[in-house]
1. Looking only at the stretch 198-211, which residues are within 12 Å of the ligand (Cβ to nearest atom) and either under 19 Å from Ala229 (Cβ atoms) or of a type outside the set (A, V, I, L, M, F, W, C) (or both)?
2. List the helices (runs of 4 or more DSSP H) that sit entirely inside the stretch 1-91 and contain at least 3 residues that are more than 15 Å from Ala229 (Cα to Cα).
3. So, in the stretch 1-25, exactly how many residues are hydrophobic (A, V, I, L, M, F, W, C) and either touching a helix residue (DSSP H, G or I) at 6+ places or on another chain (Cβ under 7 Å) or more than 21 Å from Ile81 (Cβ to Cβ) (or both)?
4. In the stretch 87-109, which residue that is farther than 18 Å from Leu189 by Cα and more than 16 Å from the ligand (Cβ to nearest atom) is nearest to the chain's Cα centre (by Cα)?
5. Can you tell me which of (1) more than 16 Å from the ligand (Cβ to nearest atom); (2) farther than 19 Å from Gly8 by Cα; (3) buried (at least 21 other Cβ atoms within 10 Å of the Cβ) is the one Ile195 doesn't meet?
6. Please list, ordered by first then second residue, the pairs with beta carbon atoms under 7 Å, 6 or more apart or interchain, first in the stretch 5-34 and among the acidic types (Asp, Glu), second away from the ligand (no atom under 15 Å from the Cβ) and not in a strand (DSSP E or B).
7. Do you know which residues across the stretch 175-230 are touching a helix residue (DSSP H, G or I) at 6+ places or on another chain (Cβ under 7 Å) and among the acidic types (Asp, Glu)?
Amino acid sequence: MRRKLAAGNWKMHGLATDLAEAETLARAHPAPTVDVLICPPATLLCRMVAALARKPIAVGAQDCHTAEKGAHTGDISAPMIADTGASAVILGHSERRADHAESSAQVAAKTIAAHAVGLTAIVCLGETEAQRDAGQTLAVVSEQLRLSLPEGANAENTVVAYEPVWAIGTGRTPTLDQIAEVHDHLRALLPDPNIRLLYGGSVKPANAAEIFAISNVDGALVGGASLKADDFGAIVAALEAAEGTGGAATP
Ligand code: 13P
């Protein structure tokens, strides 16, 4: 059975004062029955790790370089992330694919770098609105998955997040059937059937339960709604409830 995962991607949000949100979340959920992860900006990694020490909430980064070290001003490497005490890293987010022209081949190289130091890689993929309108969704995500996951990706070291680009930060979500279609399709293509598949894109407390009831959805990668303890806590609770029913956990 795949353990469910609620992952928060803070993106370029968060100052030291915002650590209190993570502390509030930890107090409200002292013993979650699902995995919970917060990925703050790199500037907060060390302090987030300290704030959540001995709490059952893991910390992750949002990107890493392919190299261990070198002349790459402004980048951070996977060993540096592991050195903070973080245990995961988001890779290939559509904002990085768009803003930094990251290719799936680069995402695979970053994933290898993350695996080499024991970080869980959360590999993101998803179609644009134009690609969906053109009927290319399944072809696009299949190709992204094939090129972004390196040899050796398995359920222990890799999570895949399906995030339709047009659903990110827009308040629009695919229909439940559309999410199910893509997740069923991706599940069949995974090199390890137990790799967890997250949905991401405008997940909120109000729609979390219905999304988590979809089989083959093992949790969520949450942007805006992960910034506030109340909202993210409600999403964690919805995932715990879905796990409790067992319905969505059937491989
Ligand atoms: P929103 O939840 O803000 O739509 O962002 C989703 C996302 O991109 C998470 O990585």
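1. Just the residues of the stretch 198-211 that are within 12 Å of the ligand (Cβ to nearest atom), to begin with: 198-205, 207-208, 211.
Tyr199, Gly200, Gly201, Ser202, Val203, Lys204, Pro205, Asn207, Ala208, listed by residue number.
2. Working: elements: 19-28, 45-51, 78-84.
Answer list for the stretch 1-91: 45-51, 78-84.
3. Initial filter on the stretch 1-25 (hydrophobic (A, V, I, L, M, F, W, C)): 1, 5-7, 10, 12, 15-16, 19-20, 22, 25.
If we keep only those that are either touching a helix residue (DSSP H, G or I) at 6+ places or on another chain (Cβ under 7 Å) or more than 21 Å from Ile81 (Cβ to Cβ) (or both) too, we end up with 1, 6, 10, 16, 19-20, 22, 25.
Counting residues in the stretch 1-25 that are hydrophobic (A, V, I, L, M, F, W, C) and either touching a helix residue (DSSP H, G or I) at 6+ places or on another chain (Cβ under 7 Å) or more than 21 Å from Ile81 (Cβ to Cβ) (or both) gives 8.
4. Per the criteria, the residue is Ser87.
5. Evaluating Ile195 over (1) more than 16 Å from the ligand (Cβ to nearest atom); (2) farther than 19 Å from Gly8 by Cα; (3) buried (at least 21 other Cβ atoms within 10 Å of the Cβ) leaves (2) as the failure.
6. That search, which allows pairs on different chains as well, returns Glu21/Ala229; Glu23/Ala51.
7. Within the stretch 175-230, the subset touching a helix residue (DSSP H, G or I) at 6+ places or on another chain (Cβ under 7 Å) is 176, 179, 182, 185-186, 189, 193, 197, 199, 201-205, 208-217, 219-220, 222, 225-229.
Glu210 - this is the single residue of the stretch 175-230 that is touching a helix residue (DSSP H, G or I) at 6+ places or on another chain (Cβ under 7 Å) and among the acidic types (Asp, Glu).
Yes/no per residue for (1) surrounded by fewer than 22 Cβ atoms within 10 Å (Cβ to Cβ); (2) in contact with a strand residue (DSSP E or B) (Cβ under 7 Å, 6 or more places away or on another chain); (3) of a type in the set (Lys, Arg):
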residue: Gly126; (1), (2), (3): no, yes, no
residue: Leu145; (1), (2), (3): yes, yes, no
residue: Ser148; (1), (2), (3): no, yes, no
residue: Asn154; (1), (2), (3): yes, no, no
residue: Thr175; (1), (2), (3): yes, no, no
residue: Ile211; (1), (2), (3): no, yes, no
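Since every read-out is calculated from the coordinates, none of them should be taken as a lab result. All values reported here derive from a predicted model rather than from experimental measurement. Neighbour counts are summed over all protein chains in view; Cβ atoms, including those assigned to glycine, are modelled from backbone coordinates with ideal geometry.
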